[in-house]
Ligand code: FAD
Ligand code: ZN
């Protein structure tokens, strides 16, 4: 297709015939919220947006667009933090938004599974699980707007991975519209199935580059009946990692969440988010937000946590702690953590990282990255927070106050420093948010050529015409 040409009118009308007027957005003002990423930094120019209401409509749309060689950008809640869910600036790509496919198709309580469509909002899925006296464990700051299709395609993590694993662990089966319009019905609710290659794993975390997930069979868990939550002040990240080990020794698999929060991160929350206040009388340099779950209501979980924290305090690992004594206090503690991204967005542009290293090397990572960035960019402000229990840290770099560097240049320079340390410590440059366009050109520096070759080969088999989310993850 000619690079700047709009879609032919006949093609648009054939799309309309498949999805109806409600399923098509063609005017720029209507397209705007879908064309720009969550941080407001990456703006694409879609040819149009199509939102099918069923798997069949999705398959028909994909077949039509594939036949015309039109690039398709799968989109769910559009909360991607790596530019994966918005089109490029060519004006030729079509956004295929799955939000209208949001039904819960089935709940199987004996099998402990739910079959849900890709457009179901994560918070709604959590609610459906609770209504059935079950629990769905994926939990993240964007849960009010991100959707299952996006969660699967990014292999989302969040704050309960420590106990339940990330999205990949929750998926038993998938239904996928392939880049040629064929539908793969892999909606099996099996925990054991050794009949060859486990194809669903290809699509999980593929960032929409291999096909469109339309539905999934997901695991459900016993509902937690006892929860204990504490915000714990610790002297430094080493003490936080020490505390994690102590809690796991004392409380076992009940340790569900363990989030590290730097003071500077909390300060930004207090500055930018209304009605948030410090639960402590004095500031501390570092905190761990700790949560235990137990599926037995009989459990004296709060006592267990208090005892473990008491022992850690005697060992000098814990400086102070606030234990939530009711649900609203618990939510208030979590809101401090969950507002971290919004607060930093309000503070201004930063270079964001969602790296992982082995838990045993987290302390080294923070120390080395702070030192190296401070030396290379005097006055730089770094904000470390996140899922230390999984070795996954959000590590964001803000320019010195009052300075607005050229981010086009600054970002790769900051990345080089941070990713170099990550690589040396055996880590990953993206533990959660994915590659998208933001980290695409970084990937070849940190992933083995053989791995990239295999990824390209898989892409070539499933999407030989390169129409599915072109330019994301891999260079076209
Ligand atoms: P989108 O942003 O719409 O899409 C994400 C990717 O999936 C894109 O590549 C898109 O093309 C593809 N895609 C979407 N739907 C489909 C589909 N049906 N089939 C195939 N491909 C599809 N992420 C974490 O992992 N952990 C966190 O703790 C976390 N916290 C966040 C907090 C905030 C405030 C925000 C804004 C984001 C956070 N994220 C986090 C990132 C983001 O929310 C997740 O990546 C989420 O899973 C994306 O879901 P979405 O529905 O918004 O997908
Ligand atoms: Zn995260």
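In contact with a strand residue (DSSP E or B) (Cβ under 8 Å, 6 or more places away or on another chain), at pLDDT 95 or above and closer than 14 Å to residue 359 by Cα: does that describe residue 230? Outline the logic, then answer.
Working: in contact with a strand residue (DSSP E or B) (Cβ under 8 Å, 6 or more places away or on another chain): yes; at pLDDT 95 or above: yes; closer than 14 Å to residue 359 by Cα: no.
Against the criterion (in contact with a strand residue (DSSP E or B) (Cβ under 8 Å, 6 or more places away or on another chain), at pLDDT 95 or above and closer than 14 Å to residue 359 by Cα), residue 230 does not qualify.
When you look at residue 346, is it part of a helix (DSSP H, G or I) and either over 19 Å from the mean Cα position of the chain (by Cα) or crowded, with 21+ Cβ neighbours inside 10 Å (or both), yes or no? If you could, list the steps in order and put the result at the bottom.
Working: part of a helix (DSSP H, G or I): yes; either over 19 Å from the mean Cα position of the chain (by Cα) or crowded, with 21+ Cβ neighbours inside 10 Å (or both): yes.
Considered against the rule, which asks whether it is part of a helix (DSSP H, G or I) and either over 19 Å from the mean Cα position of the chain (by Cα) or crowded, with 21+ Cβ neighbours inside 10 Å (or both), residue 346 comes out as yes.
Quick check: is even one residue across region 425-432 surrounded by fewer than 20 Cβ atoms within 10 Å (Cβ to Cβ) and within 14 Å of ligand 1 (Cβ to nearest atom)?
yes
So that you can scan it fast, the table gives a plain yes or no per residue for (1) within 28 Å of residue 434 (Cβ to Cβ); (2) assigned to a loop (DSSP other than H, G, I, E, B); (3) in contact with a helix residue (DSSP H, G or I) (Cβ under 8 Å, 6 or more places away or on another chain):
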| position | (1), (2), (3) |
| --- | --- |
| 14 | no, no, yes |
| 18 | no, no, yes |
| 31 | yes, no, no |
| 39 | yes, yes, yes |
| 57 | yes, no, yes |
| 61 | yes, no, yes |
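Among the helices (runs of 4 or more DSSP H) confined wholly to region 130-182, which include 3 or more residues that are more than 11 Å from ligand 1 (Cβ to nearest atom), on the phi < 0 side of the Ramachandran plot and without any contact (Cβ under 8 Å) to a residue 24 or more places away in the chain?
Working: elements: 148-153, 161-164, 167-170.
Filter on region 130-182 gives an empty set.
I'd like the full set of residues that are part of a helix (DSSP H, G or I) and surrounded by fewer than 23 Cβ atoms within 10 Å (Cβ to Cβ), limited to region 112-124. Give the derivation first.
The initial filter retains those residues of region 112-124 that are part of a helix (DSSP H, G or I), namely 122-124.
Within region 112-124, 123, 124 qualify.
Tell me which of these residue 52 doesn't satisfy, since it passes every other one: (1) surrounded by fewer than 18 Cβ atoms within 10 Å (Cβ to Cβ); (2) within 15 Å of ligand 1 (Cβ to nearest atom).
Only one criterion is unmet by residue 52, namely (1).
With the requirement that a residue be surrounded by 19 or more Cβ atoms within 10 Å (Cβ to Cβ) and more than 16 Å from ligand 2 (Cβ to nearest atom), what does region 367-390 give you? I'd like the intermediate steps shown before the answer.
Applying the first criterion (surrounded by 19 or more Cβ atoms within 10 Å (Cβ to Cβ)) to region 367-390 yields 369, 373, 377, 380, 382-390.
Answer for region 367-390, where residues must be surrounded by 19 or more Cβ atoms within 10 Å (Cβ to Cβ) and more than 16 Å from ligand 2 (Cβ to nearest atom): 369, 373, 377, 380, 382.
Among the candidates 393, 438, single out the residue that is modelled with pLDDT under 95 and either within 16 Å of ligand 1 (Cβ to nearest atom) or surrounded by fewer than 18 Cβ atoms within 10 Å (Cβ to Cβ) (or both). If you could, list the steps in order and put the result at the bottom.
Numbers: 393 fails: modelled with pLDDT under 95.
Residue meeting the stated conditions: 438.
Inside region 190-218, can you point out the residues that are within 16 Å of ligand 1 (Cβ to nearest atom) and assigned to a loop (DSSP other than H, G, I, E, B)? Steps first, answer last, please.
As a first pass, look at region 190-218 and keep what is within 16 Å of ligand 1 (Cβ to nearest atom): 199-218.
Hits for region 190-218 are 199, 204, 205, 206, 207, 208, 209, 210, 211.
With more than 25 Å from the chain's Cα centre (by Cα) and either modelled with pLDDT of 95 or more or closer than 26 Å to residue 345 by Cα (or both) as the only criterion, which of 91, 71 stands out? Steps first, answer last, please.
Values: 71 fails: more than 25 Å from the chain's Cα centre (by Cα).
Only one candidate qualifies: 91.
So, in region 147-188, exactly how many residues are over 15 Å from residue 55 (Cα atoms) and surrounded by fewer than 17 Cβ atoms within 10 Å (Cβ to Cβ)?
4
I need the full set of residues from region 323-343 which are assigned to a helix (DSSP H, G or I) and in contact with a helix residue (DSSP H, G or I) (Cβ under 8 Å, 6 or more places away or on another chain), in order please.
Kept after step one, since they are assigned to a helix (DSSP H, G or I), are these residues of region 323-343: 327-338, 340-343.
If the condition is that a residue be assigned to a helix (DSSP H, G or I) and in contact with a helix residue (DSSP H, G or I) (Cβ under 8 Å, 6 or more places away or on another chain), then 336, 340, 342, 343 are the ones that fit.
The values are calculated or read from the model by the stated rules, or taken from the named source; none is laboratory data. Computed from a predicted model, the values in this text were never measured in an experiment. All Cβ positions, even for glycine, are placed from backbone atoms using ideal geometry, and neighbour counts span all protein chains on display.
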